[in-house]
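J.: My questions will all concern the structure given below.
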Amino acid sequence: MQILCLKNIQKNDSVIYYRRHYNADAELQLPNKVTDIPISFTIETGPLGNKEFDLDFDSSRVNYPLLPIRKALKDYILTIDKAGELPL
C-alpha cells in the first residue's frame, strides 16, 4: 500500500488561527488497484510547536487494513505540510 498523492486539497476557513482543517481526495495504490477516497483532516499546532493530527475517511470504501492506511496518510500529510505544500 502506498499513498500516491492528495488531489483537490481545500482549506476550510477557521476562526482559530492555530487549527487548520482540510478536505482532499487521497489516491492510494492498493495491492490490486488504485483508488481515490475522500478524506478530511485537521492539523493543530500546540503551544510548543508540536502538531496534533486528526484524520477522517470512509472506511467502507477501502478493502484493506485501516491502521496502515491511517499511518501512511498521517506521515504523508505531515511531510507535505512540513515542505509547505498545503494551502495556507
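Every number here is computed from the coordinates shown, using simple stated rules; none is lab data. Since this is a predicted model, take the numbers as computed values, not measurements. Glycine also receives a Cβ, built like all others from the backbone with ideal geometry; neighbour counts cover every protein chain displayed.
J.: Can you tell me the orientation of helix 66-82 relative to the chain, as the angle in degrees between its alpha-carbon axis and the longest Cα principal axis, to the nearest 10?
T.: The angle comes out near 40 degrees.
J.: Something else now. Read phi for every residue in the range 9-14 and hand back ³J(HN,Hα) as whole Hz from Karplus 6.51 cos²θ - 1.76 cosθ + 1.60, θ = phi - 60°, with x for Gly and Pro.
T.: 6, 10, 8, 8, 5, 9
J.: With a sphere of radius 14 Å drawn around the Cβ of Lys7, what net charge do the other residues whose Cβ falls strictly inside it have (Lys, Arg +1; Asp, Glu -1)?
T.: Result for the neighbourhood of Lys7: -4.
J.: For the chain, compute the number of Lys pairs whose alpha carbons are separated by less than 15 Å, excluding pairs fewer than 8 positions apart on the same chain.
T.: Lysine pairs meeting both conditions in the chain amount to 4.
J.: Grab the Cα-Cα distance for Asn50 and Lys7, subtract it from 0.36 nm times how many residues apart they are, and report the gain in nm with one decimal.
T.: Result: 12.9 nm gained on full extension.
J.: Oh, and also: Using the basic label-point model (7 angstrom from Cα toward the beta carbon), what is the Leu66 to Ser40 distance in nanometres?
T.: For Leu66 paired with Ser40, the spin-label model returns 1.6 nm.
J.: Let me ask something additional. Mind checking the dipole of the chain: about its Cα centre, +1 per Lys or Arg Cβ, -1 per Asp or Glu Cβ, Debye to the nearest 20?
T.: The dipole of the chain has a size of about 140 debye.
J.: If you filter the chain for GluC sites (Glu not before Pro), then keep DSSP loop positions with at most 15 other Cβ within 10 Å, what is left?
T.: Taking the chain and a limit of 15 other Cβ atoms within 10 Å, the loop GluC sites (Glu not before Pro) found are Glu85.
J.: To the nearest 0.05, what FRET efficiency results for Asn32 and Ile80 with a Förster distance of 25 Å applied to their C-beta separation?
T.: Plugging the Cβ-Cβ distance into 1/(1 + (r/R0)^6) gives 0.45.
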